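Have a look at the structure below, then the notes.
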Amino acid sequence: MSTQKINRNALCLCGSQKKYKHCCQQRDHEQAATNQVQEIAAAQHLTSAWGHFRAGRLQQAETVCLQLLEIAPQHTEALQMLAGIAYQSGQHGIAADWLTQAIAINPSCQLYCNLGLALEGLGQLHGAVDSYRLAIALKPNHADAHYYLGCAYHAQHQLDAAVSCYRKALSLKPDYAEVHNNLGNTLKAQGHMDAAVLAYRKAIGLKPDYAEAYSNLGLALHGLDQLDAAIGCYHKALSIKPDFAEAHNNLGIALHKQNQLDAALTCYQQALSCLPDYPEAHNNLGNVLQVQNRPDAAIGHYRRALAIKPDYVNAHIHLGQALHMQGEPEAAIGSYR
């Protein structure tokens, strides 16, 4: 429908009995000028916020975004940046709140993906799955959304569903190294070690400095009793990422299995120097110390593991065994319980 231009000298259509040029036209011009000033201010604030955010000055970025929202309360980019700041700070609930506001204004695939990540951070896996599904509904060919959905399914132990999601993501983006790695993790969890090895090797081929994929490949090769090859993978992972606590721990497990106790002990100690509150490394170090007939030290590490992770079944069992060997049967029974 076309609109007819109003003669500025005619009576205003609002019924004020004033000429249009002295009534609504003047008001419209004033509003347009105000809107232009606000748009310029919003753009300046957004540029400033991005500068702070990229430089890692999160508090300053947050302050500028909040000022921007005072100018433009429905500015979805500011809401999304506030969510990103909260997420990086470990405030997943606040991130989810900002993202929910942004989605209410202008839903998008990326916003739903980010909301899913925030909900996963809160341990709300069902909500995360729903969010990723909504993302896919808006953009079916978004590889990240399928990848994130696969990760959430894996966390829910829905392994077949996870594999399907990863394969869909790879059909959309075949060179997605992280998806190949996570596909390997799920295949390994299903007991498909040979297929997992192939997935990890594909990830490494796409991303040669992928320390996590080398460590995971080592675990799969360990599962196939290829200990020397596994050890080589752990060493490669650590050459890329020397402070990789999990790789130090995995290397220690392989060396322990080869009865290289001193070397294994060193690996566990290095893992704990990287990550002091690593319950598995404390438990594994306790196991080596127990074999070396150092029960008091072993018991200390088992107890440390349980202080970090009270429901750690293996640590309870190992602590009970160590206490029993120390002639403390009642304490051992208490640990088994």
Inspect region 283-297 for any residue being within 30 Å of ALA322 (Cα to Cα) and either touching a Ser or Thr at 6+ places or on another chain (Cβ under 8 Å) or of a type in the set (D, E, K, R) (or both) and give the result as yes or no. yes
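Let's see how each residue does on (1) surrounded by 13 or more Cβ atoms within 10 Å (Cβ to Cβ); (2) within 22 Å of the chain's Cα centre (by Cα); (3) assigned to a loop (DSSP other than H, G, I, E, B); (4) at pLDDT below 95:
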position: ASN35; (1), (2), (3), (4): no, no, no, yes
position: HIS52; (1), (2), (3), (4): yes, no, no, yes
position: GLY84; (1), (2), (3), (4): yes, yes, no, yes
position: TYR112; (1), (2), (3), (4): yes, yes, no, no
position: LEU117; (1), (2), (3), (4): yes, yes, no, no
position: HIS126; (1), (2), (3), (4): no, yes, no, no
Flagged in region 66-82 as surrounded by fewer than 19 Cβ atoms within 10 Å (Cβ to Cβ) and in contact with a His (Cβ under 8 Å, 6 or more places away or on another chain), in numbering order, are GLN67, LEU69, ILE71
Please find, within region 142-168, the residue that is surrounded by the most Cβ atoms within 10 Å (Cβ to Cβ) out of those that are hydroxyl-bearing (Ser, Thr, Tyr) and under 18 Å from the mean Cα position of the chain (by Cα). TYR166
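Picking from ILE317, ILE299, which residue would you name as being over 22 Å from SER215 (Cβ atoms), at pLDDT below 95 and surrounded by 16 or more Cβ atoms within 10 Å (Cβ to Cβ)? Explain how you work it out, then say what you get.
Working: ILE317 fails: surrounded by 16 or more Cβ atoms within 10 Å (Cβ to Cβ).
It is ILE299.
In the set ALA271, ALA247, ALA254, which member is closer than 30 Å to GLY320 by Cα, more than 23 Å from the chain's Cα centre (by Cα), aliphatic (A, V, I, L, M) and at pLDDT 95 or above?
Details: ALA271 fails: more than 23 Å from the chain's Cα centre (by Cα); ALA247 fails: more than 23 Å from the chain's Cα centre (by Cα).
Going through ALA271, ALA247, ALA254 in turn, the sole match is ALA254.
When you go through ASP225, ASP209, ASP175, ASP194 one by one, which is the residue that is under 21 Å from ASP160 (Cβ atoms) and surrounded by fewer than 21 Cβ atoms within 10 Å (Cβ to Cβ)?
On the way: ASP225 fails: under 21 Å from ASP160 (Cβ atoms); ASP209 fails: under 21 Å from ASP160 (Cβ atoms); ASP175 fails: under 21 Å from ASP160 (Cβ atoms).
It is ASP194.
The values are calculated or read from the model by the stated rules, or taken from the named source; none is laboratory data. Predicted model only: the values in this text are computed from it and were never measured. Note: ideal-geometry Cβ built from the backbone for every residue, glycine included; neighbour counts use all protein chains shown.
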